[in-house]
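Data first, discussion second: the structure below is written as structure tokens.
Readers should treat all values here as calculations from the given coordinates under stated rules, not as data from a laboratory. Keep in mind the model is a prediction, meaning the values are calculated, not measured. No Cβ is skipped: glycine too gets one built from the backbone with ideal geometry, and neighbour counts run over all protein chains shown.
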Amino acid sequence: MSGGEGSGRLLVAGAAVLAVALVAAYLAFGGGAYEPTPVVDPCAPREWRSPDGIEESAQQFALSALDGAACELGVSRETLAPALATEGSRAEFAAELGISDAELETAVRAGLLRGIDDAAEAGAISPLVAEGLGAVASRLPVDESIAVISDAGEFLAGAEGAIGDVGDLLDEAAGLLP
């Protein structure tokens, strides 16, 4: 046997020992008992982290709105989110649940209202903004409600800006009074 063959066999044996050691370490640290993270109950209140900027608020708003709609429908948020992606997937989802388009629309709208309420409670939007957004959201068609959930950043920023302008006007008017 030549020196090259011996070192090759030694490398193969070393690799085999390392592979066995890796599997043993994996099993020793609980790798054999893997369980996926359980799905969160969408009806349970969602604790908002301190929102730092519109992007974080928008993300938490979207999750809260999806939770609210999923709770209304008795499904998980993870099941609902892809079902809302297209008109076809919504129709298929509604048929699987045995609900009408109107029932799906009502659930999505309820989720949107929950997201607004949670955002106000967390201080991400003012109560005045929440009231205005709630009035608008309660009348939105399902396609527009889903668009609001998907692009919550624009929705929240636009609402805060509009209400802020009204607040500035009220402050100026108050300064004109004796």
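In loop segments of segment 1-107 as defined by DSSP, the GluC sites (Glu not before Pro) with at most 14 further C-beta atoms inside 10 Å of their C-beta are E47.
Residue by residue, segment 8-20 carries 3J(HN,Hα) couplings of x, 5, 5, 5, 5, 5, x, 5, 5, 5, 5, 5, 5 Hz when phi is fed to the Karplus relation 6.51 cos²θ - 1.76 cosθ + 1.60 (θ = phi - 60°); x denotes Gly or Pro. Computed over segment 1-126, the quotient of the alpha carbon radius of gyration and 2.2 N^0.38 Å is 1.83. Restriction of the chymotrypsin sites (Phe, Trp or Tyr not before Pro) in segment 18-67 to DSSP coil positions whose beta-carbon has at most 11 other beta-carbons within 10 angstrom yields F29, Y34.
For segment 99-116, putting each phi into the Karplus relation 6.51 cos²θ - 1.76 cosθ + 1.60 with θ = phi - 60° gives couplings of 10, 8, 4, 5, 5, 5, 4, 4, 5, 5, 5, 4, x, 4, 5, 5, x, 5 Hz, in residue order, rounded to whole numbers and with x for Gly and Pro.
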